[in-house]
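Please read the structure below before turning to the comments.
Bear in mind these aren't lab numbers, they're just calculated from the coordinates by the rules spelled out. None of these values were measured; they are calculated from a predicted model. Glycine also receives a Cβ, built like all others from the backbone with ideal geometry; neighbour counts cover every protein chain displayed.
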C-alpha cells in the first residue's frame with residue numbers, strides 16, 4: 001500500500017504543478033477578459049515546476065503548492081465553472097479531485113517536512129565555511145529526523 005501511495009504521489013505532483021500553473025494562467029486570462037477573477041495572488045509565492053534533480057527545487061515546488069493550496073483550489077473551481085472548453089473543464093475537475101484527496105494532502109505535508117530537513121542539511125553542507133564536525137552533526141540531525149518520521 002505504501003509503495004502505491006508513494007508512486008501515485010510521484011506521478012501526480014509534476015502533472016499537478018504543470019496543470020495548476022495552466023489554471024493560474026487561465027485565471028489571469030479571465031481577468032483580462034473582464035470576467036472578474038482576480039489574477040493578483042494573495043501572497044508573493046509563485047508556483048514552480050518540480051525539479052527532480054535538486055533537493056531545494058523539490059522542496060520549493062512542494063512548499064509553494066502548500067502555501068497556495070486554497071488559491072489553487074479557487075482557480076480550479078473558477079476554471080470548472082467558467083471554462084467553455086470541455087477538455088479543460090474535465091482536466092480541472094480531475095485535478096481538483098486529486099488535490100482534495102486526503103492521502104495526497106497527507107503525503108504533501110509529510111514530503112514537505114522530509115524535504116525541508118534534507119534541504120536545510122544540504123544547503124548547510126554546501127557552505128564554504130563548514131567544517132567536518134558541523135557536517136557530521138548536521139547529517140546526524142537529518143538522519144534522526146528521518147528516522148523519527150519513519151516511526
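Test of understanding: what is the full-extension gain from residue 90 to residue 141, defined as 0.36 nm times their sequence separation minus their Cα-Cα distance?
Length gained, residue 90 through residue 141: 13.9 nm.
If each of residue 100 and residue 74 carries a label point 7 Å out from its Cα toward its Cβ, how far apart are those two points in nm?
According to this spin-label approximation, the distance is 1.7 nm.
Rounded to the nearest 0.05, what FRET efficiency is calculated for residue 126 and residue 148 with R0 set to 25 Å and r the Cβ-Cβ distance? Walk me through the intermediate numbers first.
Numbers: r = 24 Å, r/R0 = 0.97.
That gives a FRET efficiency of 0.55.
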